1. Is one or more of the residues making up segment 95-117 at pLDDT 95 or above, over 19 Å from the mean Cα position of the chain (by Cα) and within 17 Å of N27 (Cα to Cα)?
2. Tell me, which residue of segment 314-332 that is open to solvent by less than 40 Å² (accessible area, probe 1.4 Å) and over 14 Å from G79 (Cα atoms) is nearest to the chain's Cα centre (by Cα)?
3. Name the helices (runs of 4 or more DSSP H) wholly within segment 243-332 that hold at least 2 residues that are under 29 Å from E59 (Cα atoms) and touching a strand residue (DSSP E or B) at 6+ places or on another chain (Cβ under 6 Å)?
4. List the residue pairs whose Cβ atoms are under 7 Å apart, where the first residue sits in segment 199-210 and is within 15 Å of A156 (Cβ to Cβ), the second is assigned to a helix (DSSP H, G or I) and charged (D, E, K, R), and the two are 6 or more positions apart or on different chains.
5. Among the residues of segment 109-139, write down those that are more than 22 Å from G9 (Cα to Cα) and open to solvent by less than 10 Å² (accessible area, probe 1.4 Å).
6. Just checking, which of I299, I267 is within 26 Å of I14 (Cβ to Cβ), in contact with a Gly (Cβ under 6 Å, 6 or more places away or on another chain) and modelled with pLDDT of 95 or more?
7. Output the qualifying pairs, or none if there are none: Cβ atoms under 6 angstrom, residues six or more apart or on different chains, first residue in segment 167-182 and open to solvent by 30 Å² or more (accessible area, probe 1.4 Å), second residue part of a helix (DSSP H, G or I).
8. Could you tell me how many of the residues in segment 1-52 are assigned to a strand (DSSP E or B) and surrounded by fewer than 16 Cβ atoms within 10 Å (Cβ to Cβ)?
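The values are calculated or read from the model by the stated rules, or taken from the named source; none is laboratory data. Predicted model, so just to flag it, every value in this text is computed and none were measured. Note that we place each Cβ from the backbone using ideal geometry, even for glycine, and neighbour counts take in every protein chain shown. All accessible areas refer to the heavy atoms of the entire protein, side chains included, with ligands and DNA or RNA removed. Shrake-Rupley method; radii C 1.70, N 1.55, O 1.52, S 1.80 Å.
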Amino acid sequence: MTVVIGFEGSANKIGVGIIRDGEVLSNPRRTYITPPGQGFLPSDTARHHRGVILTVLKEALEEAGIKSDDIDCVAYTKGPGMGAPLVTVALVARTVAQLWGKPILGVNHCIGHIEMGRLITQASNPTVLYVSGGNTQVISYSERRYRIFGETIDIAVGNCLDRFARVLKISNDPSPGYNIEQMAKKGKQYVELPYTVKGMDVSFSGILSFIEEAAGKMLSSNQCSAEDLCFSLQETLFSMLVEITERAMAHCASQEVLIVGGVGCNIRLQEMMGVMCKERGAKLFATDERFCIDNGAMIAQAGWQMFRSGQVTELSDSWITQRYRTDEVEVTWRD
C-alpha cells in the first residue's frame, strides 16, 4: 500500500488530503472569504493559509487515522496559482517532508484536478474541460502529455463570474460562482451578450466589460433583473465552453467528457454539456463540490500516480511557479 499526503493552496482554498491506493482517507479544507464586492489579494490569502494550515494538517491525519510513519510521500501544489499562497503551502510541505524523512513531489494543479476526476468517475480516456477561477482549458491525453486543444486567451471563466459577482455585490460565501448559479435559476429573460469563440479558443474579457457597463443601466431602468443577468451570463459562457469541448471531441474521436475545476460543479454547465453528449452518444463525467473545488486529496492522488511511476522532486528543486502549463508535465503513469 502507498499512502500520499497532498497540500493544496494555490488560491483561496487551503486543503490537506490523504490518499491510500485510490481511497480518500481524509480531505479537510478551509476557504478564505472576503466581503461582497471584493476579491482576495495574494498577501491576505497567504496570511489566512498560514493561520489555519497546521490545524487542517492535524485534522487530515486524525480523520485518516494514520501517523506520519504511515505516509510514503509528501505532495504539494507547485503551480499554477497565486505566488504568496503557493509559497506558504510549499514551505509547510518542505518542512513536513524533512521532519518526517519523506520524499517530496511538486504537482501541477491542473493535473491534480484531472487525476482526481479520473479516480472518482472512473472515466477511461475523456476529453477534459478544466474550468476554474484561474484556468479554462480543453484537454486530451496523447503520448505522455495532457494536450491543450483550446483555452481562454484572456481571463478564466471563473474569474469572469467572480468579477461580475462583485459588480452586483453578491456574497462570496460559500463562493460567488455558487451564488450566481442560484440567482440564475430565477432568471426568466435572456439578455443577449457578446459570444466570442475563436477556433478552439474562447475570450471572456469582452463579455465581462460589456455586462459590467450595461448592468447598472439595465437594472436602474428595470429592463431586466439581476437574476436575468446572472442567467444570461451563465448561458452565454457555458454555450461557448460546450462548443469548444464538442469540437475537441470530434477531433479526438472521443466518447467521454470529464468536467473538472471549481466551476465544474455548476449544475447548469453539467446539464448543457449533458445535452451535447447525449446528442453525440457520449458519456459525461463530473464530480461534486468535494472534489471539483480545490482540495488536498487531488494533489495527493496526482502525487500518488507520480510516486508510483518513480518520480520524486529533489529538495533543491521543490520551488513554486505561478505559471505552470498543463502540457509541460510528462505523464509517466499513463500508457
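1. No: zero hits.
2. Ranking the qualifying residues of segment 314-332, first place goes to V331.
3. On the way: elements: 267-280, 289-292, 296-308.
Answer list for segment 243-332: 296-308.
4. Pairs found: L208/R163.
5. A123, P126, T127, V128, V138, I139, listed by residue number.
6. Values: I267 fails: in contact with a Gly (Cβ under 6 Å, 6 or more places away or on another chain).
Checking each option against the conditions leaves just I299.
7. Correct list of pairs: V167/E212; V167/A215; L168/A226; S171/N179.
8. Of the residues in that region, 1 qualify.
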